[in-house]
Structures are given as C-alpha cells and as structure tokens.
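Nothing in this text is a laboratory measurement; each read-out follows from the coordinates by a stated rule. These numbers were taken from a predicted model, which means no experiment stands behind them. All Cβ positions, even for glycine, are placed from backbone atoms using ideal geometry, and neighbour counts span all protein chains on display.
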Amino acid sequence: MGSANLKKKLEETKQYIKKLKQQKQELLAESKKMLGNIHSLEEHIRDAERDIKTISDRIFIETGIPEAAIALRNKILCAMAKTSNGDITVRQYSTLLNDIDAMKETLGRECPHPCVLSYDGYEGSYIHDYDDDTSGYRLCVVCGFGEHEKTPGKDDYQTLNEEKGKRTVRRDLRDDYTARTDTYPSIWDMPLKTFIQMFKRSAGKMNADWKEKA
Ligand SMILES: [Zn+2]
C-alpha cells in the first residue's frame, strides 16, 4: 500500500472514530433521558401505591366496623349518660351499672377490634441495662379492649396485630397518653363518630390525625 493510500486510510479511520464517538454521545444522552423517565415513572408508581393504601383504608373504615358493634357501643354510651341523671333511684342506678357491664362484655366478645390506637413501646437502652424498657400498648376504640405487646418495642401483639383488611392501627402521639406513663384515653369519653372521623382523616398514614381541617 502506497503512502497516499495509507494517508487516506488514516483519515478514514479518524472519521470512523469521530462518528462512533458521536453515536456514543447520542446514546448516552438518550439513556440519560430514559433514566429520567424511569425515575419519574417510579415516583408515579409510589404515588399510586400510596393512593391505594389511602383508598383501601377509607373503604375499610366505611365497611369494616360491624353495624351491631356500633349500635351496642352507642347503647352503652346512652346507658352511661343515664347514670349521671340525678332523678334515678339507687336501685335503678345499680341495675344500669349491671346492664352496662353486661353490654360491655358482649361488645368485647363480639368486636373484631377494627380500629385501634397504638402507643409505642421502647426496647430500652444498653447504658441502662435495658431497665428503661417500656411495653407498647394498643387499644380498640370500638369496645375498649387493650393489650400490651409481648416484647417491649417489637410490636408483637397477640390479638391487636395489624392484619391487612381486618384492622387499621394509628399511632396516638398525643402528649397526654403514652406507653411510658401508662396512661391511655378512655374510649367512652368520645362518641365513636369522633374516632371514626379521625381514622378517615388519617387514612393511608401511620399517625392519628386529631386536628380537623379548617
Ligand atoms: Zn374491639
């Protein structure tokens, strides 16, 4: 091969490399764009999954609490209100208390504990030799059934575990009530409606949202 041909070959090869590098640049730009598309798709998927959780929660709260349990709970609240009526006799008062106890027992037996408040436990710290551990607590707002976790900080509840489609659990982070101080709200101070509204408001979330939106 003469030198003129070699020079031609050299020039052709240089051009060839330039073209390949250009193609590489184009592909890189395209893959960067594709990666951006994938990230945005992933974000949409996460949003939709959150929506599914929120909607399923709402459906559960609308349909998961048995009508009979709601009715019995309201009946108990009515009976409790009657006990503070000054006009009733001692005998009537004592009958009412017995009725209330019996109704609470029935409710506790039949309630599937669909809506539960949860108070975080703590497994304790190494420096305190785990003496500062605290058992978490869960409380059914329909019937008042409460349960401590078996191992502090492990969320291992025998009955009030978080069963998908069977139970909805919200962490109650109000300062007045904590597992640490062992104080929990009385579920009988509030109508079920108020609790249910809170559960609806906090659909799809972990924590109870007690604040009404203005
Ligand atoms: Zn219950």
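Structure notes:
- Per-residue ³J(HN,Hα) for the stretch 195-205, Karplus 6.51 cos²θ - 1.76 cosθ + 1.60, θ = phi - 60°, Hz, x for Gly and Pro: 5, 5, 4, 5, 4, 5, 4, 9, 4, x, 10
- Relative contact order of the stretch 130-211, pairs being alpha-carbon contacts under 8 Å that are 6 or more residues apart, as %: 25 percent
- Summed residue charge, Cβ within 11 Å of residue 118's Cβ, Lys/Arg positive, Asp/Glu negative: -2
- Summing charges over all other residues whose Cβ lies under 11 Å from the Cβ of residue 92, with Lys and Arg as +1 and Asp and Glu as -1, gives 0.
- Size descriptors for the stretch 1-63: radius of gyration and Dmax over Cα atoms are 27.0, 89 Å.
- With neighbours defined as other Cβ atoms within 10 Å of a residue's Cβ, the residues 10, 139, 96 order from fewest to most as 10, 96, 139.
- Footprinting exposure proxy for 87, 99, 172, 47 (fewest neighbouring C-beta atoms within 10 Å first): 87, 47, 99, 172
- Relative to the longest principal axis of the Cα atoms of the chain, the long axis of helix 67-83 makes an angle of roughly 40 degrees.
- HN-Hα J in Hz across the stretch 56-64 - Karplus 6.51, -1.76, 1.60, θ = phi - 60°, x for Gly and Pro: 4, 4, 4, 4, 4, 5, 6, 10, x
- Over the chain, all Cα pairs binned in 5 Å intervals from 0 give whole-percent P(r) values of 1, 6, 10, 12, 11, 11, 8, 7, 5, 4, 3, 3, 3, 3, 2, 3, 2, 2, 1, 1, 1, 0, 0, 0, 0, 0, listed from short to long.
- Isolated cysteines of the chain, defined as having no other cysteine beta carbon under 4.7 Å away, are 78, 115, 140.
- The mean sequence separation of alpha-carbon pairs under 8 Å and at least six residues apart, normalised by the residue count of the chain, gives a relative contact order of 19 percent.
- C-alpha center-to-center spacing [the stretch 123-182, the stretch 20-86] in angstrom: 23 Å
- Total formal charge among the other residues, if their Cβ is under 14 angstrom from that of residue 5, Lys/Arg +1 and Asp/Glu -1: +1
- When each of the peptides 59-68, 142-151, 19-28 is scored by the mean number of other C-beta atoms lying within 10 Å of its residues, the order from highest to lowest reads 142-151, 59-68, 19-28.
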